[in-house]
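Trainee: Once you've had a glance at the structure underneath, I'll fire off some questions.
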Amino acid sequence: MHGWPNFVADEALRPYVTRRNEFSAEQGCILWGMRVVIPPIYREGLLNDLHEEHPGICRMKVLARSYLWWPGLMADIERTVQSCRTCMVVRKMPAVAPLHPWKWPTRVWQRIHIDFAEKDKEHFLVVIDSHSKWLEVFHMSTTTATRTIEVRRGLFASYGLPEEVVSDNGPQFISTEFEKCIKWNGIQQTLVPAYHPASNRAAERSVQTLKQALLKQVINVDQVIVNLR
């Protein structure tokens, strides 16, 4: 109302100074264009009014830009929405990055996927051929690397050596003993990223198939394995 000072040291006042030629007064209210400049005492209440129907960050910003302003208004809107439990529950999650598809194997037993499954304290080694989808399930008395290698040797003796073995980062598969056996046979070992089981989807799906069969309690564990083959 009485002009602006030539210099302002207070950072909190700088947003007002930069807009000093855009302010006006109407009926005792300060306006920035058509928007009312809100004093600090009323800001929290107006944020609650804008957020009453949980419209989300974008909608709240649109409404605010039409009627009111204060320094840091957009940041305050974001803070209000992000601290609202209801908004966080119903918000849209970011799009999942598309999976890079596995190269389709040209022959049987070219690439196999392996994983362990557990049901009622029973352990199973699940092996699936990515070309034919042939499933092998082994009832494991122990899941050590040594026992896993023994089963692997019997499997390779029956079907031959694959070109690639895909597994997660289980201790059996990343053990020095297992890695040496894989390399000694000239097989490529591929470990899927940690905490990303979808990368080994073939084995994960086979584990689900096994568990569904076990839930049906066909006869016993051995009979379920026979039925899966």
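None of the figures in this text is laboratory data; all of them are computed from the coordinates on show. A quick note: this is a predicted structure, and the numbers were derived from the prediction, not measured.
Trainee: In Å and from the alpha-carbon atoms only, list the Rg and Dmax of the stretch 22-62.
Mentor: Looking at the stretch 22-62, its Cα Rg and Dmax stand at 12.2, 32 Å.
Trainee: Using the C-alpha atoms of the stretch 51-152, what convex hull volume per residue, in cubic angstrom, is computed?
Mentor: Hull volume over Cα atoms, normalised by residue count, gives 220 Å³.
Trainee: Here's another thing I want to ask about it. Can you give the log10 of the normalised intensity I(q)/I(0) at q = 0.16 Å⁻¹, computed with Debye over equal Cα scatterers of the stretch 1-124?
Mentor: Computed log10 I(q)/I(0) values: -0.93.
Trainee: Determine which aspartates and glutamates satisfy two conditions relative to Lys183: a Cα distance under 20 Å, and not lying fewer than 8 residues away in the same chain.
Mentor: Lys183 reaches Asp115, Asp129, Glu150, Glu163, Glu164, Asp168.
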